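Below: one structure, written as structure tokens.
The values are calculated or read from the model by the stated rules, or taken from the named source; none is laboratory data. Bear in mind that the values here come from a model prediction, so they are computed numbers and not experimental data. Because the Cβ atoms are built from the backbone with ideal geometry, glycine has one as well, and the counts that use them run over all protein chains shown. Remember, those area values only see protein heavy atoms, side chains included, never the ligands or the DNA or RNA. Shrake-Rupley method; radii C 1.70, N 1.55, O 1.52, S 1.80 Å.
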Amino acid sequence: MEVAILTKEGKDTGRKAILNDEVFGIEANEHAIYLDVKQYLANQRQGTHKSKERSEVSGSTRKLHKQKGGGGSRIGDINSPVLVGGGRVFGPRPRDYRFKLNRKLKALARRSALSVKAAAGQIIVVENFTFDTHKTKEFIKFAKDIKIEGKKVLLVLSGAEKNVTLSVRNVPNAKIANASDLCTYVIMNNNAIVVNEASVEILNKL
């Protein structure tokens with residue numbers, strides 16, 4: 001697959017970037033994408049939720065009335081779950097939501113995600129660039145020039161670019177990722193993926 005390489009001003013350089021069909025042109029495995037995204041989101045959960053059960057509620061353990069003969073239901077102490085202020089039955093307990101996926105499955109999910117984006121024409125290749133200053137307006141101008149303003153944007157770079165990073169960090173709908181650290185969730189969660197020319201070679205080997 002060939003994609004035109006643009007300048008940071010949005011003009012065609014006349015050159016083409018070759019995207020590896022084994023990474024950007026496979027038949028997407030939707031279930032692999034689902035599992036990888038599910039794992040990513042599960043790993044973000046703290047799992048610190050907790051509610052007090054009957055034995056943990058502060059209250060008297062005296063039996064409120066005798067078991068039989070009162071004409072009402074049986075009841076124990078004031079900590080009973082059927083009473084207001086009592087413990088909770090089967091409430092949430094702290095737990096770890098993380099789970100394991102095989103390395104090959106995660107690689108398949110990442111390639112599937114890139115193939116989905118490539119098929120939708122959402123991958124833009126820009127020649128290696130940097131900004132003169134670290135100001136948000138630099139990125140806003142860049143986004144306008146390559147016609148991605150208003151979209152959720154992922155900038156994929158091959159290495160550290162200080163001015164680019166500082167210019168993007170205050171833009172709520174834009175993120176930066178290193179080409180070697182891409183994950184399925186980040187790919188799928190953006191609708192414009194801007195790749196600098198040096199990153200193409202790295203992505204072709206994923």
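Which value in nm describes the separation of the simple spin-label points at Asp77 and Lys152, placed 7 Å from the Cα toward the beta carbon?
Label at Asp77, label at Lys152, 5.0 nm between them.
Specify whether the C-alpha gyration tensor of the stretch 2-49 places it in the rounded, prolate or oblate class, a ≥ b ≥ c being the square roots of the eigenvalues: rounded for a/c under 1.5, otherwise prolate if a/b is larger than b/c and oblate if not.
Here the stretch 2-49 falls in the oblate category.
Tell me the carbon and sulfur percent of the accessible area for the stretch 89-206, rounded to whole percent, probe radius 1.4 Å.
The computed percentage sits at 51.
Taking R0 as 22 Å, what's the FRET efficiency between Phe90 and Ser60 from their Cβ-Cβ distance, rounded to 0.05?
After rounding to 0.05, the efficiency reads 0.40.
Just the accessible area per residue of the stretch 67-206, please: how many Å² with a 1.4 Å probe?
Solvent-accessible surface per residue comes out at 58 Å².
Would you be so kind as to identify which of Ser158, Ile148, Leu105 lies farthest towards the positive end of the dipole of the stretch 92-177, taking Lys and Arg as +1 and Asp and Glu as -1 on Cβ and the Cα centre as origin?
Going by the charge dipole, the pick is Leu105.
Sort the following peptides by mean Cβ neighbour count (other Cβ atoms within 10 Å, averaged over residues), highest first: 81-94, 167-180, 190-203.
Top to bottom by mean Cβ count within 10 Å: 190-203, 167-180, 81-94.
In the structure shown, do any of Lys16/Lys144; Lys104/Lys147; Lys16/Lys38; Lys8/Lys175; Lys11/Lys141 have a Cα-Cα gap over 25 Å, and if so which?
In this structure, Lys104/Lys147; Lys16/Lys38 lie more than 25 Å apart at Cα.
Using a Förster radius of 45 Å, what is the FRET efficiency between Lys141 and Glu22 based on their Cβ-Cβ separation? Nearest 0.05, please.
My answer for the efficiency is 0.80.
Quote the FRET efficiency, to the nearest 0.05, computed for Leu166 versus Asn189 with a Förster distance R0 of 25 Å and r equal to the Cβ-Cβ distance.
Once the sixth-power term is evaluated, E becomes 0.65.
For Rg/Rh (Cα atoms, Kirkwood Rh), several values are listed as (1) 1.30; (2) 1.03; (3) 0.99; flag the one computed from this structure.
(1)
Under a 10 Å cutoff between Cα atoms, tell me which one of Lys135, Lys151, Lys63 has the largest fluctuation in the Gaussian network model of the chain.
The residue that fluctuates most here is Lys63.
Under 13 Å between alpha carbons, and skipping anything fewer than 8 positions from Lys137 in its own chain: which aspartates and glutamates qualify?
Within the straight-line cut-off, Lys137 pairs with Asp145, Glu149.
Would you work out which of Val195, Pro172, Gly10 lies farthest towards the positive end of the dipole of the chain, given +1 charges on the beta-carbon of Lys and Arg and -1 on that of Asp and Glu, about the Cα centre?
Pro172
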